[in-house]
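Working notes, structure below.
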Amino acid sequence: MKSELNTPGAPFNRREFLKTGAAVAGGLVVSRVPGAQAMASRNDGDTAIRIGLVGCGGRGTGAAFQALATSQDVKLVAMADAFRDRLDESYDNLVHPQDETDENKRVASRVDVPEEHKFTGFDGYLQVLPLVDVVLLVTPPAFRPMHFEAAIEAGKHVFMEKPVATDAPGIRKVLEVAQKAKEKQLNVVVGLQRHYQNVYTEWVDRIHDGAIGDVVLGRVYWNSGGVWVRPRQPQWNEMEYQMRNWYYFTWLCGDHIVEQHIHNIDVGNWVKHGPPVRAQGQGGRQVRTGPDTGQIFDHHFVEFEYADGSRMMSQCRHMPDCMNRVSEAFHGTAGSAPEPGTLLGPDGATIWKHRGKDDPNPYQVEHDELFAAIAAGRYAFADAERGAEATMTSILGRMATYSGRVVEWDEALNSQVSLMPERFAWDAAPPVLPDAHGAYPVPVPGVSVVV
């Protein structure tokens, strides 16, 4: 029987979201994956797992490296990016690493991307899919729903970076496609790597077991100095400028509360067993005052409220020379968890401390586990709903800070506000344009309509 989530025209709500999430958390299904037989029966006798990379920036190159560094028989056979220079840079970094360590040389030997398997433009991903068994979706997040849908329709296993969308319509699309991935038993891993990191999994397990009692308050932070800016070049039109500076445009990035702070917000939902019911907050632009930093805020503070009345205080900031902190903390009725890996009793004494020596890199672990499952023909990973939940919570926070009002979860999830352009093309108009002075429209709390 189909759930309401998958009934065309039915509203999405938090209750159904929780039911879907619970099925994921407790339902890592182990069964045979049809694609495994396909790999073993190719006419050319090649049984390697063939990987395609869609999105060749820094994170994309890192994801490709980690996929190729697993112990499975894998090789990178196709690449796509909007820009040829970014694709070439990524390929060169993989094939000609600066440090010729044994691992780097092993990864380089697994890159087998001929010229005819390098694709550029907005639809290069469509040419990658027929060539591969697994696709890495690592473009700016605006494209994730569209690319995820095409990958699952093509029957491919997926690793996709967070966030999984930048607006509510995108989240709903990801949820619909996630159900299809389950029906096809295609493994999906989302790059919320804290779920693959010992210090977090052991810490959260103990919190769930009641080590600090009932959690009544969370504090989550992503305060840092900021990210890169790429100066406008005279040969770029407006679409190319925004695509190359994707971080500073909400339709492409989601704002930094969505793009980066999602990691910490996701941990808050993890501890609370689901998303909040509402949020309110404030934010603005203090140091991002010029047109070179687009339209996103440089600071957000959000109070998320959960169904049991508990709160999560969220702050993220991009400002140089200020206090930096990227972490999470929780307070319970019988103690506290002041940082990942540490639990304190009601008297402040340490009751548990994680021993982190030699913990594996979680960015590598998530790929190790995904490719081990695929190689063994197992269906074991259905992360898309968790990625959608964390992304939607971050979008809820952005809606609260952009609007300056209380925003309910169901209202946010069912928002019809689409941030996407009418079409993706180099001659298409982006959804936001600069004024005569080069300034982009910036949300004004109390005025802007964002839900």
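Between residue 89 and residue 108, what is 0.36 nm times their sequence separation minus the Cα-Cα distance? Round to one decimal in nm. Please list the in-between numbers first.
Values: separation 19, 0.36 × 19 = 6.84 nm, distance 1.39 nm.
Separation in residues times 0.36 nm, less the Cα-Cα distance, equals 5.4 nm.
Go ahead and run the numbers for FRET between residue 235 and residue 154, Cβ-Cβ distance against an R0 of 35 Å, rounding to 0.05.
Working: r = 34 Å, r/R0 = 0.99.
Computed FRET efficiency for residue 235 and residue 154: 0.50.
Quick one: compute the contact order of the stretch 332-390, relative version, from alpha carbon pairs under 8 angstrom and 6+ residues apart, as a percent.
On the way: 35 pairs, mean separation 9.2, N = 59.
Result for the stretch 332-390 is 16 percent.
Quick one: dipole size for the stretch 151-300, taken about the Cα centre, charges +1 on Lys/Arg Cβ and -1 on Asp/Glu Cβ, in debye to the nearest 20. If you can, show how the numbers build up before the last one.
Values: 17 positive and 16 negative charges, 24 e Å.
Result for the stretch 151-300 is approximately 120 debye, rounded to the nearest 20.
May I ask you to derive the relative contact order of the chain, considering only C-alpha pairs under 8 Å and at least 6 residues apart, and to give it as an integer percent? All intermediate terms of the calculation are to be shown ahead of the outcome.
Values: 938 pairs, mean separation 93.1, N = 451.
Relative CO of the chain lands at 21 percent.
Suppose R0 equals 22 Å; then what is the FRET efficiency for residue 355 and residue 71 from their Cβ-Cβ distance, rounded to the nearest 0.05? If you can, show how the numbers build up before the last one.
Working: r = 25 Å, r/R0 = 1.14.
Step by step, r from the Cβ atoms, then E = 0.30.
For the pair residue 15 and residue 228, what calculated FRET efficiency results from E = 1/(1 + (r/R0)^6), where r is the Cβ-Cβ distance and R0 = 35 Å, to the nearest 0.05?
Working: r = 41 Å, r/R0 = 1.17.
With R0 = 35 Å, the Cβ-Cβ based efficiency is 0.30.
Need one number: nm distance between label points at residue 436 and residue 327, each 7 Å from Cα along Cα→Cβ, rounded to one decimal.
Simple spin-label model gives 5.1 nm for this pair.
Label 7 Å along Cα→Cβ of residue 447; the stretch 403-423 residues with amide nitrogen under 18 Å?
Counting backbone N atoms under 18 Å from the label point, the list is 403-405.
Heavy-atom accessible area per residue, the chain, 1.4 Å probe: how many Å²?
Numbers: 18590 Å² over 451 residues.
With the other protein chains kept in place, the chain gives 41 Å² per residue.
If we count chymotrypsin sites (Phe, Trp or Tyr not before Pro) as exposed when they sit in a DSSP loop and have at most 13 other beta carbons within 10 Å, what is the longest stretch of the chain that avoids them all?
Of all site-free stretches, the longest is 1-227.
Can you compute the charge dipole magnitude of the chain about its Cα centre, using +1 on each Lys and Arg Cβ and -1 on each Asp and Glu Cβ, nothing else charged? Give it in debye, rounded to the nearest 20. Can you show the working numbers first?
Numbers: 44 positive and 57 negative charges, 127 e Å.
Its charge dipole is roughly 600 debye.
Amide H to amide H, which residues 5 or more places from residue 450 or on other chains are under 5 Å from it, using H placed in the peptide plane?
Amide H neighbours of residue 450, under 5 Å, 5+ apart: none.
Could you tell me which of 360, 125, 197 has its Cα farthest along the dipole of the chain towards the positive end, charges placed at Cβ (Lys, Arg +1; Asp, Glu -1), taken about the Cα centre?
197
If you average the C-alpha positions of the stretch 66-107 and of the stretch 235-282 separately, how far apart do those two centres end up, in angstrom?
Spelled out, the Cα-based centre of one part sits 27 Å from the other.
Run down the lysines and flag those whose C-alpha is under 16 Å from the C-alpha of residue 118, throwing out any fewer than 8 positions away in its chain.
75
Give the longest segment of the chain that steers clear of GluC sites (Glu not before Pro) in DSSP loops with at most 11 neighbouring Cβ atoms within 10 Å, not counting the sites themselves. Don't jump to the answer; show the numbers that get you there.
Numbers: sites that count: 100, 422.
So the longest stretch without any such site is 101-421.
Of all DSSP beta bridges located in the chain, what percent are antiparallel, nearest 5? Don't skip to the answer; put the middle values down first.
Working: 33 of 63 bridges.
Within the chain, antiparallel bridges account for around 50 percent of the total.
So if I place +1 on the C-beta of Lys and Arg and -1 on the C-beta of Asp and Glu, and nothing else carries charge, what would the dipole magnitude of the stretch 353-451 be about its Cα centre? I want it in debye, nearest 20. Mind showing how you got there, number by number?
Values: 8 positive and 14 negative charges, 59 e Å.
So the dipole magnitude of the stretch 353-451 works out to roughly 280 debye.
If each residue of separation counts as 0.36 nm, what is the full-extension length gain between residue 46 and residue 198 once their alpha-carbon separation is subtracted? Numbers along the way, then the final one.
Working: separation 152, 0.36 × 152 = 54.72 nm, distance 3.52 nm.
That pair, residue 46 and residue 198, stretches by 51.2 nm at full extension.
Report the extension gain between residue 376 and residue 131 in nm, rounded to one decimal, defined as 0.36 nm multiplied by the number of residues separating them, less their alpha carbon distance.
Extra length from residue 376 to residue 131 when fully extended: 86.2 nm.
Could I have the simple spin-label model distance between residue 364 and residue 342, label points 7 Å from Cα toward Cβ, reported in nm to one decimal?
Calculated label separation equals 2.7 nm.
Tabulate in residue order the Karplus-calculated ³J(HN,Hα) for the stretch 245-258, using 6.51 cos²θ - 1.76 cosθ + 1.60 with θ = phi - 60°, rounded to whole Hz; enter x for Gly and Pro.
10, 4, 4, 9, 10, 4, 5, 8, 9, x, 6, 6, 5, 8
Of 247, 225, 267, which is farthest along the charge dipole of the stretch 212-282 in the positive direction, counting Lys and Arg as +1 and Asp and Glu as -1 at C-beta?
Highest projection toward the positive end goes to 225.
Applying the Karplus parametrisation 6.51 cos²θ - 1.76 cosθ + 1.60 with θ = phi - 60° to the phi angles of the stretch 325-333, what ³J(HN,Hα) value in whole Hz is obtained for each residue in order, glycine and proline being reported as x?
Values, residue by residue: 7, 10, 5, 9, 8, 9, 10, x, 6 Hz.
Report the Cα centroid-to-centroid distance between the stretch 296-355 and the stretch 371-416 in angstrom, as an integer.
First find each Cα centre; the distance between them is then 20 Å.
Tell me, what HN-Hα J-couplings in whole Hz come from the Karplus equation 6.51 cos²θ - 1.76 cosθ + 1.60 at θ = phi - 60° for each residue of the stretch 425-433, using x for Gly and Pro?
With the stated coefficients, the stretch 425-433 comes to 6, 5, 9, 7, 7, x, x, 10, 10 Hz.
The values are calculated or read from the model by the stated rules, or taken from the named source; none is laboratory data. Just so it is clear, the structure is predicted and the values come from calculations on it, not from any experiment. As a convention, Cβ positions derive from the backbone with ideal geometry for all residues, glycine included, and neighbour counts pool all protein chains shown. Protein only, heavy atoms only, side chains kept; ligands, DNA and RNA dropped before computing areas. Shrake-Rupley method; radii C 1.70, N 1.55, O 1.52, S 1.80 Å.
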